[in-house]
Structures are given as structure tokens and as C-alpha cells.
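Colleague: Take a look at this one; I'll ask things after.
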Amino acid sequence: MDLTYAPEDREFRAATRRWLEANVPGDDLKTLAERRAWHRKLYEAGYVGMLWPREYGGWGATPMRQAIVQDEMARVSAPPPINGLGIGFIGPTIIVHGTEAQKQRYLKKMLTAEEIWCQLYSEPNAGSDLASLKTRAEDQGDHFLVNGQKIWTSSGPISDWGILLARTDPKLPKHRGITCVLLNMRQPGVEVRPLKQITGSSLFSEVFMTNARAEKSDLIGNINQGWEIAQTTLGFERGGNSLGRVTRYATAFNQLVKATKELKRGGRPLLEDPAVRARMGRIYADLEVQRYAALRVLSALQKGDAPGAASSITKLSYTEFEKRYYELALEILGPFGQLMVAREEFEEVDSSSGEPGTFATAFLWSRAGTIYSGSSEIQKNIIGERVLGLPKEVRADRLKV
Amino acid sequence: MDFSFSSDQQLLKNSARAFLDEHCKPAAVRLLWDDPRGESDTMWKEMAQLGWLGLSLPEAYGGSGLGMVESAILLDELGRAAYPGPYWPTVLAAAAVETAGTDTQKKRWLSAIATGDARATLALLDADLDWDPGTMSARAEKTPRGWALSGTKRFVPWAHVANLLLIPARAPEGPTLFLVDPSASGLTLSPVQGMDPATRWVQIDMDQVPAATDAVLGTVGQAEPLLASLVRRGAVGAAAEMLGAARRCLDMAVGYAKVREQFGQPIGSFQAIRHKCAEMLLEIENSHSAVYYAAWALDAHAEDGELAASIAKAYVGDAARKVCGEAIQVHGGIGFTWEYDLHIYMKRAKALEPMYGDADYHREQIVRRVAR
């Protein structure tokens, strides 16, 4: 056991910090063009696509370096790069399962955010039970004809391309009749409607596909092999990268301390109230334990250990923590915690969506984490079955087969 | 950055597991419940031979010079076996003598402890029930031949089998730590039995207990930093032991959920049970991270070492309570019987929960450090 950073990683952190101090934009990025420019700058500095192999335009960096960059960006609340889903999950899927032509065509433009990507997986009636999805892709020889509806699509309105799961063979058992194909979002058969969330903003969309066209040359893997491919994508999505997230929580904690010093009850700062102190001590312990756990994951990744099903523990841990965290912050702050615009008592805090806002925004966003990317209940099923080796449950859809 | 155990550390863990699986079975723990001493001298000598008692002592005194990480590994396993005996109080007391003692004091005690010939304990909790190392109601008055100690120490672990008591008392100069002979005049030891029959506590009443000038450990009036560091190390060790006990409870619950059938199926196939087990594992894994981070931070003199120690104790206390409690729930009725072994481990974790600073104390330490 040695939890010190290697000297060259410490140096890298210092260099990253200097770069960010010199380059982080002073004003909020408003337009897509401004966000693209910032993304491009990050990419050219080597801070985007860090884990991607060099041959595909990436930087071939270690997970540690990537974690350091995310941590430093969180420290100064730097705007995140765009195309996160593309670079984090879709690109790696193409690298693993795609053809050489697909890699040449898509990867570089994904990295530079010239083309923005979205994920077309969830449907109104296929959430946790993703394999029951109904969107059809009919084989038309050189292309598929796509009809159906997707939901919870991030970056929908700005996306150029999507990675789609659709049913190609309704006669096969549900996990075996699904195909993964890339879909051009810029075509008449694809309609994107923003979906307003409880936060008041619209980070997600619904996508309607009516006789949309997906090319055969954009097929990922084989026909009806889509479920397997989706599993690798989800595998990239869970775990890792939790250091920057914890730093955002810590920044919010500092704002909570500031607020409890400035807000007074009966003439005394909230921070002097023993009941408030006990709660803050409990939540800070919880927060730091998330950091220790993140370091542990990082140490395993550094050694080349695949986190596998254990990454479900990480995801379950931080998303459930985040709910407890902001619930407690709002309890402590009372009605001040519910304000949707920052005030003098506390500055903006970053929510888990990356959107800046208040404790109220962060609280509302905390409800999303335990639902997306496999709900807490699904994570507990995975942990129970694959980590603890508990027997599989009897399920109606398994009995039918 | 390496959060995994080195091969030597893994070896220590494996050998501890093997030894305790053989020598500290639940039946062996139960046998000692009615024993007046409550511990086995044979096992103590074997632990000495394995080098456990001198684990963190310098080689000059027969020790191995290892750190808090290694102690935590051992305590994790001792907790998993619900080992009954004065291991951790003795090792902590030895660390105090090693840190602050004179050559004479070290020669007198350290080798004897490493060889298993002496047991020791620390009276960290006073009649005032405050874990703050600066506050104590026990008094040390100067006498012509040294000192006279008066006052009451509460819930002192294993004092009835100790050859050496480390007792803090307030001298006119401030908090002072004394090495006290358990057979000294004016000293009364009264056993106090909690719910864990394998944890022994003793109340120490002192009425003008004589202590010689050379019985002071460290500098008169300056014991507070040493006491604070003992509470801290003690807390991390207790957290490791609670973690081990909770691990055992989870293992038993998962094992049971795989074989116990109701409604024609193993109960582990029901989400109500499976999700509970997953939540328990989450608490175990987070506790593991907390314990070993803190142990490493103390060894490395990291700037957040003190914070990490309080975090480990506060977090693991809550986590172990949850895991052990839910293990009973998963078992159902059988888990509530005296014959079934589950309560052995649940009670061990419980007994350690208020020790070396309870969660409230440590949460306040956390807030003092991070909300200035």
C-alpha cells in the first residue's frame, strides 16, 4: 500500500493546474461554437481522449493522468468538454467492435467535437429492462429502415450521429434479436424533441424515428449481436473517473460551510449549532470515504485490473451518497437551500450534470444519478448475482423462453 | 498510487486467517465466555510467537517494526474471528511506551510484551466520560516520594489481566500519563460486563494510589498530544476490528441466503434479500477503503492523517452496526438465537462502537478540521 502520487504524476498535476489557470475561459460559454472552441483547445492540450490509443487520435495516457485532469478541472470549475458520451463510451465501442473504415470515418471527428454523438438506447417502455426495446430496424439490403422512439437522449438537439439499439428479429428471444448500428441524426426521418426535467432545464430529449435510414456499412459487429455490444458500452460507462466528481462535492461542501457561517439563527451562525455540526461531520466523513473509494478504483485501473461487476458498487455508492448529501444540505439550509439563484451567502455549486447552479439544482439533479446508467436496483441485482454469487431470481421473461 | 496490499501484507493476512480459523473458532470463543480471565494464555503465547505482539515494536525489543497498515490487517482478521483478549490495548500501550518512554521503561516493558510475558492496557475514558484527551477528572498530586493518583477510570478494556496500566491524570502542570502497577495500594478493579461476553471492561477506582517519579511516561503535564495520538491509533484499530466482525456477518448472511429456502427457492434469489446483501457489501467495501486509507495516512504522516482516523472510526461504526444488524434480519429467527454464532460477531462490533471516541466525538473532530 502506498497512496502517494508518483513524482511524475505530481509534476503532471502541477502542469495541468498551470495550463488551466492560463486557459480556463473567464466567462460562461454560451454558444455551441464557444463550447466547441474550448473543447478543441482542451483536446489539443492533450486533455480530451486521454485514454484513447494514439493511432485513433487519442493520447494513450494512464487512467491516473485522466483522473488528475478531471480532478483539476473540477477544482477550478472549468467547463467540461462536449461530446462526453461519444468520447467516453461510443468511441471506445467503435474501437473495440467497429470496422477499420468506421474507425477512420468517425473517431477523429468525434474527438475534436466536429461531430457530436448521442446514445439511442432507452425507450419509454424499455428502461431497466432495456432488452425489451421495440424500435425496429428492417433489413433493406444496403440499409436498415428504422421506426420507433427513444428517450433520455443527452445532447439530442446538437447531435450529428447516434449509436442505436434496435430490434432486427422479433422472433428471437429478446436479448438475441437486437442490433447495434450508427444513425445519422441529420435526416428528415429523425425528430428530436427536448424533454424538460424537474430541474427546469432540458439536458435530455426524446427522439422519434420515422422511416429513418441507417446504412449497412454503419452496422457495429454483426446483426443480432447488439446486446453484447451494449454490454461493453455500459461497461465503459460505470465506475472510474470518480475523483473529479468528489472534488466537486468537496467544493460544494466549502460553500455549505460558508453558508452555515453566514446564515444565523437566534443571532448565532448555524455552524455553531451542535445538531448542524453533527450532521456536517457525518456527511463529510461520507464524502471523504467516496474519495478513498475513488482512489482504490484508480489504483486497480492503474494495475490493469478490469473493474467488472465491482464498478456497480462504485456507481451505487456515489449516486446514493449524492442524494444523502444534498438532502442534508437542504435540511441544514432550510428555505435558503431551495433558492434557484445563488446569493451572497453561498456561491454557485456544480451539480452532477455539470451545470452550475445552487444547492437546489444539485439536489434535484441528485435524483437522476440513481436512475440513469442502470438504476440502483439494477446495480444491486448485479452486485448480488455477480459479486456475491447469490442465485438468480425467477423472472417471468426467463420462464417464457 | 497503490491501494492494494503488498505481498508481505497479503502473507500476513493469509497467515492470520489460517491461524485464527484453526485456533479461534466460534466454539473456542464461547468456551472463554464463562472464564474469569476471559482469554487464553496458550493463544496469547502463540500470538507472541507469530510476532503479532511485537508487530510494530522496534527490532531491538524483539519486534518487527511494522506500521499501522499491518496492525489494521491483523485487527481486521481478529475482528473476523471475534478474538477475545487484550491484544489491541496491549499493543497500543506498548506503542505509548515506545514513543514516550525512557530507556529503563522501554527495557522493562517492551521485550516482555513482545514475548507474550506481559499484558498492558490504557485507561482512556474517565469518570467525566469525555474522549477529549485534554479533559480528565482524575488527579495526580505531588507527594514526597512521587505522586498520588485519585479518581475513576471507566470501561478500561482487559485491566483485570494486565501487568501494566497506563493511566492519565491531571497533575498541577497538566495532563500526565502514569505507568501504574495493577497491584498498587488504593487501586480497586471492578469488572463491568457489557453485552459482548468476550469483551471485558473494568472500572478502576483510585484513592491516593502511589506512583513513583519514574512512573511518569513522557513529560509531566505534556501528555495531551500523546493521548490524542493513542485515541487516534486506537480508533483506527477499533475500526479495523469492527470491519472484520462485519465482514464475518456479511459472509454468514450471504452463505445463509444461498441455502435457506422459502416459497420453494433460496431466499437470496429474492430482491428483498439480495438488495440488502448488496447494500451490506457496499458498506464493507467503503469501510475497507476508510480503514486502510486512515492506517496508511498515519504511517505516512500524511497531512490528513488525523482527519482520516476520525473519518474511519465514525464511518465504520455506523457501517458495522448496519451490516451486523441486517445480517440478523437476513437470517430471520435463527439469527436471534444464542446457539447460532452470528451474535458473537455482532456484539464484538457493538462493543467497539463507543470505544476510542464514539462517532459523535469523531464527527466533531472532523467538523473542527474542515469547517474552520
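The values are calculated or read from the model by the stated rules, or taken from the named source; none is laboratory data. As the structure is a prediction and not an experimental result, all values here were calculated from the model. Here Cβ is always computed from backbone atoms with ideal geometry, including for glycine, and neighbour counts include all displayed protein chains.
Colleague: Does region A:294-317 include one or more residues that are assigned by TED's automatic domain parsing to the domain that holds A:Ser373, among the small types (Gly, Ala, Ser), assigned to a loop (DSSP other than H, G, I, E, B) and under 18 Å from A:Ala67 (Cβ atoms)? Spell out the reasoning first.
Modeller: Our first condition is that a residue be assigned by TED's automatic domain parsing to the domain that holds A:Ser373; within region A:294-317, this holds for A:294-317.
Among the residues that remain, those that are also among the small types (Gly, Ala, Ser) are: A:294, A:299-300, A:304, A:306, A:308-312, A:317.
If we keep only those that are assigned to a loop (DSSP other than H, G, I, E, B) as well, we get A:304, A:306.
Applying the additional criterion that residues be under 18 Å from A:Ala67 (Cβ atoms) yields A:304, A:306.
Yes: one or more hits.
Colleague: Taking B:Ser4 and the conditions (1) touching a residue at least 40 places away in the same chain (Cβ under 8 Å); (2) in contact with a helix residue (DSSP H, G or I) (Cβ under 7 Å, 6 or more places away or on another chain), which numbered condition does it fall short on, given that it satisfies the others?
Modeller: Only one criterion is unmet by B:Ser4, namely (1).
Colleague: Then there's this: Among what's in region A:1-24 and is aliphatic (A, V, I, L, M) and in a helix (DSSP H, G or I), pick the residue that is surrounded by the fewest Cβ atoms within 10 Å (Cβ to Cβ).
Modeller: So the residue we want is A:Ala22.
Colleague: Look through region B:296-316, keep the residues that are in a helix (DSSP H, G or I) and at the interface with chain A (Cβ under 8 Å from one of its Cβ atoms), and return whichever of them is nearest to B:Ser6 (Cα to Cα).
Modeller: The residue in question is B:Trp296.
Colleague: Can A:Gly58 be described as without any contact (Cβ under 8 Å) to a residue 60 or more places away in the chain, farther than 27 Å from A:Pro356 by Cβ and in a loop (DSSP other than H, G, I, E, B)? Walk me through it before giving the result.
Modeller: On the way: without any contact (Cβ under 8 Å) to a residue 60 or more places away in the chain: yes; farther than 27 Å from A:Pro356 by Cβ: yes; in a loop (DSSP other than H, G, I, E, B): yes.
It is true that A:Gly58 is without any contact (Cβ under 8 Å) to a residue 60 or more places away in the chain, farther than 27 Å from A:Pro356 by Cβ and in a loop (DSSP other than H, G, I, E, B).
Colleague: Give me the strands (runs of 3 or more DSSP E) completely within region B:130-197, filtered to those with at least 2 residues that are at pLDDT 95 or above and in contact with a His (Cβ under 8 Å, 6 or more places away or on another chain), ordered by residue number. Quick ask: steps written out before the conclusion?
Modeller: Working: elements: B:139-143, B:146-157, B:164-171, B:174-180, B:187-192.
Correct list: B:187-192.
Colleague: Residues A:Ala214, A:Ala166: which one is in a strand (DSSP E or B) and either without any contact (Cβ under 8 Å) to a residue 40 or more places away in the chain or more than 21 Å from A:Ser373 (Cβ to Cβ) (or both)? Before you say what the answer is, go through the steps one by one.
Modeller: Details: A:Ala166 fails: either without any contact (Cβ under 8 Å) to a residue 40 or more places away in the chain or more than 21 Å from A:Ser373 (Cβ to Cβ) (or both).
Criteria check complete, one pass: A:Ala214.
Colleague: Please enumerate the residues belonging to region B:50-87 that are free of Cβ contacts under 8 Å to residues at least 40 places away in the same chain and assigned to a helix (DSSP H, G or I).
Modeller: B:Glu59, B:Ala60, listed by residue number.
Colleague: Looking at region A:35-58, is at least one residue among the β-branched types (Val, Ile, Thr) and within 24 Å of A:Leu3 (Cα to Cα)?
Modeller: Step one: filter region A:35-58 for residues among the β-branched types (Val, Ile, Thr), giving A:48.
Subset that is within 24 Å of A:Leu3 (Cα to Cα): none.
No.
Colleague: Report yes if B:Leu55 is within 25 Å of A:Thr4 (Cβ to Cβ), surrounded by 20 or more Cβ atoms within 10 Å (Cβ to Cβ) and either of a type in the set (Ser, Thr, Tyr) or more than 14 Å from chain A (Cβ to nearest Cβ) (or both), otherwise no. If you could, list the steps in order and put the result at the bottom.
Modeller: Values: within 25 Å of A:Thr4 (Cβ to Cβ): yes; surrounded by 20 or more Cβ atoms within 10 Å (Cβ to Cβ): yes; either of a type in the set (Ser, Thr, Tyr) or more than 14 Å from chain A (Cβ to nearest Cβ) (or both): yes.
Spelling it out, B:Leu55 is indeed within 25 Å of A:Thr4 (Cβ to Cβ), surrounded by 20 or more Cβ atoms within 10 Å (Cβ to Cβ) and either of a type in the set (Ser, Thr, Tyr) or more than 14 Å from chain A (Cβ to nearest Cβ) (or both).
Colleague: Continuing with the same structure: Can you tell me how many residues in region B:320-362 are over 17 Å from the mean Cα position of the chain (by Cα), buried (at least 17 other Cβ atoms within 10 Å of the Cβ) and of a type in the set (A, V, I, L, M)?
Modeller: Summing the residues that are over 17 Å from the mean Cα position of the chain (by Cα), buried (at least 17 other Cβ atoms within 10 Å of the Cβ) and of a type in the set (A, V, I, L, M) in region B:320-362 gives 5.
Colleague: Does B:His275 qualify as being in a helix (DSSP H, G or I) and free of Cβ contacts under 8 Å to residues at least 12 places away in the same chain?
Modeller: Criteria met by B:His275.
Yes/no per residue for (1) under 24 Å from B:Gly333 (Cα atoms); (2) at pLDDT 95 or above; (3) over 23 Å from the mean Cα position of the chain (by Cα):
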residue: B:Tyr256; (1), (2), (3): yes, yes, yes
residue: B:Val259; (1), (2), (3): yes, yes, yes
residue: B:Gln271; (1), (2), (3): yes, yes, yes
residue: B:Leu282; (1), (2), (3): no, yes, yes
residue: B:Asn286; (1), (2), (3): no, yes, no
residue: B:Trp296; (1), (2), (3): no, yes, no
residue: B:His301; (1), (2), (3): no, yes, no
residue: B:Ala308; (1), (2), (3): no, yes, no
residue: B:Ile311; (1), (2), (3): no, yes, no
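Colleague: What number of residues within region B:335-353 satisfy the criterion of being in contact (Cβ under 8 Å) with a residue 24 or more places away in the chain and either farther than 24 Å from B:Leu78 by Cβ or outside any helix (DSSP H, G or I) (or both)?
Modeller: 2
Colleague: So, in region B:256-292, how many residues would count as being within 7 Å of chain A (Cβ to nearest Cβ) and in contact with an Asp or Glu (Cβ under 6 Å, 6 or more places away or on another chain)?
Modeller: Here the count works out to 1.
Colleague: I'm trying to understand the selection: among the residues of region B:361-372, which are farther than 21 Å from B:Ile284 by Cα and either of a type in the set (A, V, I, L, M) or part of a helix (DSSP H, G or I) (or both)?
Modeller: The answer is B:Tyr361, B:Glu364, B:Gln365, B:Ile366, B:Val367, B:Arg368, B:Arg369, B:Val370, B:Ala371.
Colleague: Return only the number of the condition from (1) in a helix (DSSP H, G or I); (2) modelled with pLDDT of 95 or more; (3) under 29 Å from the mean Cα position of the chain (by Cα) that A:Ile223 does not satisfy.
Modeller: (1)
Colleague: Taking region B:25-43, which residues are crowded, with 20+ Cβ neighbours inside 10 Å and farther than 21 Å from B:His343 by Cβ?
Modeller: B:Met43
Colleague: Could you figure out which of (1) touching a strand residue (DSSP E or B) at 6+ places or on another chain (Cβ under 9 Å); (2) closer than 21 Å to A:Phe89 by Cβ isn't true of A:Leu243?
Modeller: Here A:Leu243 meets the rest and fails (1).
Colleague: Within region A:324-401, considering only helices (runs of 4 or more DSSP H) that don't extend past its boundaries, which have at least 2 residues that are modelled with pLDDT under 85 and within 14 Å of chain B (Cβ to nearest Cβ)? Talk me through it step by step, then tell me what you get.
Modeller: Numbers: elements: A:359-369, A:376-382, A:396-400.
Of the helices (runs of 4 or more DSSP H) lying wholly inside region A:324-401, those with at least 2 residues that are modelled with pLDDT under 85 and within 14 Å of chain B (Cβ to nearest Cβ) span A:396-400.
Colleague: Hey, another quick one. Specify the residue that is nearest to A:Glu377 (Cα to Cα); the eligible residues are those in region A:297-315 that are crowded, with 21+ Cβ neighbours inside 10 Å and within 7 Å of chain B (Cβ to nearest Cβ).
Modeller: My answer is A:Ile313.
Colleague: How many residues are within 19 Å of A:Pro356 (Cα to Cα) and either surrounded by 16 or more Cβ atoms within 10 Å (Cβ to Cβ) or in contact with a helix residue (DSSP H, G or I) (Cβ under 7 Å, 6 or more places away or on another chain) (or both) when one looks only at region A:25-42? So that I can check it myself, show each step before the final result.
Modeller: Step one: filter region A:25-42 for residues within 19 Å of A:Pro356 (Cα to Cα), giving A:25-32, A:34-36, A:38-39.
Narrowing further to those that are either surrounded by 16 or more Cβ atoms within 10 Å (Cβ to Cβ) or in contact with a helix residue (DSSP H, G or I) (Cβ under 7 Å, 6 or more places away or on another chain) (or both): A:25, A:29, A:32, A:35-36, A:38-39.
The number of residues fulfilling the criteria is 7.
Colleague: Here's something else I'd like to know. Of the residues that sit in region A:320-332 and are crowded, with 23+ Cβ neighbours inside 10 Å and of a type outside the set (Phe, Trp, Tyr), which one is nearest to A:Glu288 (Cα to Cα)?
Modeller: A:Glu322
Colleague: Let me ask you something else. Restricting the search to region B:354-372, which residues are within 14 Å of chain A (Cβ to nearest Cβ), touching a Gly at 6+ places or on another chain (Cβ under 6 Å) and touching a residue at least 24 places away in the same chain (Cβ under 8 Å)?
Modeller: B:Ala359, B:Arg363, B:Ile366
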